[in-house]
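Please read the structure below before turning to the comments.
The values are calculated or read from the model by the stated rules, or taken from the named source; none is laboratory data. Every value quoted in this text rests on a predicted model; they were computed, and no experiment measured them. Ideal geometry is used to build each Cβ from the backbone, glycine not excepted, and the neighbour counts take in all protein chains shown.
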Amino acid sequence: MRFMWDPKYSVGIKSIDKQHQRFFEIINSMYFVAGASQQRIDGDKLFKVISELVEYADTHLKFEEKCFIDFEYDGANEHVITHDLFRVKMKEYVNSIEKTDISLPELATEIAEFCKNWLANHILEMDHKYISTFLNHGM
């Protein structure tokens, strides 16, 4: 299953669109890990992809949050709450990998689905709200 970039996800800011597109690529890597290894998934491989996802997401989210401060974005508090909920969920997933009684292919699929749904909704519902503020500040 591929998570395809669509122009509806664009925020009209090239640097942020590129960051979001990279996020899509990492999520697709998670789908690949889940689908390519239905019979036996390598926990190290899964941990590597989720670590990349967590690290990249954190970098991107911190970038947005810095812009919120720099641009005095009115919707910052609500937006950061959604970022924090994502961070918490990712920590839960990382901790789940270490459990011996969990199906790693199912976990990889669950992570990919969660991230796909979260990112798509987040961009369309939250990120689109900051477009005018960011553009008014020269982004």
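Scoring Arg40 on the criteria (1) in a helix (DSSP H, G or I); (2) at pLDDT below 95 leaves a single failure, condition (1). Filtering segment 92-126 to residues that are without any contact (Cβ under 8 Å) to a residue 12 or more places away in the chain and either more than 14 Å from Met30 (Cβ to Cβ) or aliphatic (A, V, I, L, M) (or both) leaves Glu92, Asn95, Glu98, Lys99, Thr100, Asp101, Ile102, Ser103, Asn121, Glu125. Within segment 52-72, residues that are more than 18 Å from Leu119 (Cα to Cα) have Cβ atoms under 9 Å from residues that are at pLDDT below 95 in these pairs: Cys67/Met139; Phe71/Met139, counting only partners at least 6 apart in sequence or on another chain.
Could you identify the single residue in Asn28, Asn121 that is within 13 Å of the chain's Cα centre (by Cα), at pLDDT below 95, of a type in the set (S, T, N, Q) and within 24 Å of Ser10 (Cβ to Cβ)? Walk me through how you get there before you give the answer.
Values: Asn121 fails: at pLDDT below 95.
Step by step, each of Asn28, Asn121 is checked, and only Asn28 is within 13 Å of the chain's Cα centre (by Cα), at pLDDT below 95, of a type in the set (S, T, N, Q) and within 24 Å of Ser10 (Cβ to Cβ).
Determine whether segment 81-98 contains at least one residue that is over 22 Å from Asp127 (Cβ atoms) and of a type in the set (A, V, I, L, M, F, W, C). Looking through segment 81-98, at least one residue is over 22 Å from Asp127 (Cβ atoms) and of a type in the set (A, V, I, L, M, F, W, C).
Quick one: which helices (runs of 4 or more DSSP H) lie wholly within segment 46-139 and hold at least 1 residues that are surrounded by 16 or more Cβ atoms within 10 Å (Cβ to Cβ) and touching a Gly at 6+ places or on another chain (Cβ under 7 Å)? Explain how you work it out, then say what you get.
Working: elements: 76-97, 104-125, 131-136.
The qualifying helices (runs of 4 or more DSSP H) are 76-97, 104-125.
In segment 13-25, the residue that is farthest from the chain's Cα centre (by Cα) out of those that are surrounded by 13 or more Cβ atoms within 10 Å (Cβ to Cβ) and touching a residue at least 40 places away in the same chain (Cβ under 8 Å) is Ile13. Among the residues of segment 69-77, is any under 16 Å from Met126 (Cα atoms) and in contact with an Asp or Glu (Cβ under 8 Å, 6 or more places away or on another chain)? Looking through segment 69-77, at least one residue is under 16 Å from Met126 (Cα atoms) and in contact with an Asp or Glu (Cβ under 8 Å, 6 or more places away or on another chain). In the set (1) within 17 Å of the chain's Cα centre (by Cα); (2) in a helix (DSSP H, G or I), the condition left unmet by Gly35 is number (1).
Take Arg2 and tell me if it is part of a helix (DSSP H, G or I), within 27 Å of Pro105 (Cβ to Cβ) and among the charged types (D, E, K, R).
Details: part of a helix (DSSP H, G or I): no; within 27 Å of Pro105 (Cβ to Cβ): yes; among the charged types (D, E, K, R): yes.
Criteria not met by Arg2.
Going residue by residue through segment 70-79, is there one that turns out to be among the aromatic types (Phe, Trp, Tyr) and within 16 Å of the chain's Cα centre (by Cα)? No, segment 70-79 contains no residue that is among the aromatic types (Phe, Trp, Tyr) and within 16 Å of the chain's Cα centre (by Cα).
Consider Tyr93 carefully, then state whether it is more than 17 Å from His20 (Cβ to Cβ), of a type in the set (Ser, Thr, Tyr) and in contact with a Ser or Thr (Cβ under 9 Å, 6 or more places away or on another chain). Judged against the criteria, Tyr93 is not a match.
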